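Inspection log for the structure reproduced underneath, given as structure tokens.
The values are calculated or read from the model by the stated rules, or taken from the named source; none is laboratory data. What you are looking at is a predicted structure, and each value in this text was computed from that prediction instead of being measured. Neighbour counts are summed over all protein chains in view; Cβ atoms, including those assigned to glycine, are modelled from backbone coordinates with ideal geometry.
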Amino acid sequence: MDQVIAQVAQNVEKQLDNELERLDALDKDDIEVIRQQRIAEMKKRASKKQEWMANGHGEYTEIGDEKEFFTVCNKSENVVCHFYKSDTPRCAIVDMHLKLLAKKHIETRFVKLDVERAPFLTVGEDFRYLGSLLQSDGSIDRDVTRRMNAGWMKWKQLTGTTCDRKMPIKIKGKIYKSVIRPVMLYGAECWATKVCDEKRMHVTEMRMLRWMCGVTRKDRIRNEYIRGSMKVAPIVEKMKSHRLS
């Protein structure tokens, strides 16, 4: 390991020396060429920024219908559109975050459109985006079910290790925390969970942990003891700590 670190350090030092030699060898004409290139790049960025601002970038605005949506997409290369429902509380939370993002990322146009005005684009009850299932009614029950099923699939792939009685309990806990639980919590940052959703996740997690420990409810071992042995915090607490506020 020490030899590898020394070799990497030597390579980095060599690259720095070569770069310093190249800079020392520059004459006035070379420096002027670099200066002109940087000025041209700055002018290009400034021009692009003016074009973005003229197209409505930097603000979070509402558009009227589907026709205007396609017009916005034709003018801007990057577009984020929030298809919202006025009676869904989660949409107000998304609006708050998108307003902040619109000011930070002026290279992207941020707009929102009422789903009632966009029947062609919003037809259907569910919409899958980056692995998350968005439901038209704002609930998350089907997305929670999908994440639990994905967690079980990952758990079954590792049963040769996690259910091995010779494997130390703490190692099993680390495997669960680093491989299985992240699959179950994917997209949970945006979940507006109900008590029933949290209970389902809790029950699923405890079933996994009990199987990994080789115990059942008939053994009358408390959940707290199992979590303490495996050094695993309740999944509900993790859901709340990861949630966007």
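For segment 100-118, which positions are farther than 16 Å from residue 51 by Cβ, assigned to a strand (DSSP E or B) and of a type in the set (Lys, Arg)?
112
Against the conditions (1) without any contact (Cβ under 8 Å) to a residue 24 or more places away in the chain; (2) surrounded by 13 or more Cβ atoms within 10 Å (Cβ to Cβ), where does residue 52 fall short? Just the number, please.
So residue 52 meets the others, but not (1).
Are there any helices (runs of 4 or more DSSP H) wholly within segment 1-84 with 1 or more residues that are charged (D, E, K, R) and outside the structural domain of residue 106 (by TED's automatic domain parsing), and if so which? Before the answer, list the steps.
On the way: elements: 2-24, 28-54, 66-75.
Qualifying helices (runs of 4 or more DSSP H): 2-24, 28-54.
Do we have any residue at all in segment 86-95 that's under 25 Å from residue 119 (Cβ atoms), assigned to a helix (DSSP H, G or I), at pLDDT below 85 and in the same structural domain as residue 115 (by TED's automatic domain parsing)?
Step one: of segment 86-95, the residues under 25 Å from residue 119 (Cβ atoms) are 86-95.
After this cut, where a residue has to be assigned to a helix (DSSP H, G or I) as well, the list is 89-95.
Adding the requirement that they be at pLDDT below 85 leaves 89-90.
From the residues that got through so far, the ones that are in the same structural domain as residue 115 (by TED's automatic domain parsing) too are 89-90.
Scanning segment 86-95, I find at least one residue that is under 25 Å from residue 119 (Cβ atoms), assigned to a helix (DSSP H, G or I), at pLDDT below 85 and in the same structural domain as residue 115 (by TED's automatic domain parsing), so the answer is yes.
Has segment 176-192 got any residue that is part of a helix (DSSP H, G or I) and small (Gly, Ala, Ser)? Steps first, answer last, please.
Restricting attention to segment 176-192, the residues satisfying the condition of being part of a helix (DSSP H, G or I) are 176-184, 188-190.
Next, only the ones that are small (Gly, Ala, Ser) stay: 178, 188.
Scanning segment 176-192 turns up at least one residue that is part of a helix (DSSP H, G or I) and small (Gly, Ala, Ser).
On the given criteria, is residue 9 modelled with pLDDT of 85 or more, of a type outside the set (D, E, K, R) and more than 30 Å from residue 190 (Cβ to Cβ)?
On the way: modelled with pLDDT of 85 or more: no; of a type outside the set (D, E, K, R): yes; more than 30 Å from residue 190 (Cβ to Cβ): yes.
Judged against the criteria, residue 9 is not a match.
Residue 83 fails exactly one of the following numbered conditions: (1) of a type in the set (Phe, Trp, Tyr); (2) within 23 Å of the chain's Cα centre (by Cα); (3) exposed (fewer than 13 other Cβ atoms within 10 Å of the Cβ). What is the number of that condition?
(3)
How about segment 215-245: which of its residues are among the hydrophobic types (A, V, I, L, M, F, W, C), out of contact with any Gly (no Cβ under 9 Å at 6 or more places or on another chain), in a helix (DSSP H, G or I) and over 18 Å from residue 197 (Cβ atoms)? Steps first, please.
First, the residues of segment 215-245 that are among the hydrophobic types (A, V, I, L, M, F, W, C): 215, 221, 226, 230, 232-233, 235-236, 239, 244.
This time we only want the ones that are out of contact with any Gly (no Cβ under 9 Å at 6 or more places or on another chain), so: 215, 221, 226, 233, 235-236, 239, 244.
Next, only the ones that are in a helix (DSSP H, G or I) stay: 226, 235-236, 239.
Within segment 215-245, 226 is the sole residue that qualifies.
Only one of these is of a type in the set (Val, Ile, Thr), under 23 Å from residue 240 (Cβ atoms) and at pLDDT 90 or above: 195, 203, 144. Name it. Spell out the reasoning first.
Numbers: 195 fails: at pLDDT 90 or above; 144 fails: at pLDDT 90 or above.
Of the residues listed, the single one that is of a type in the set (Val, Ile, Thr), under 23 Å from residue 240 (Cβ atoms) and at pLDDT 90 or above is 203.
Can you tell which of 212, 208, 201 is in a helix (DSSP H, G or I), within 20 Å of the chain's Cα centre (by Cα) and touching a residue at least 24 places away in the same chain (Cβ under 8 Å)? Give the steps one after another, and end with the answer.
Details: 212 fails: within 20 Å of the chain's Cα centre (by Cα); 208 fails: within 20 Å of the chain's Cα centre (by Cα).
The match here is 201.
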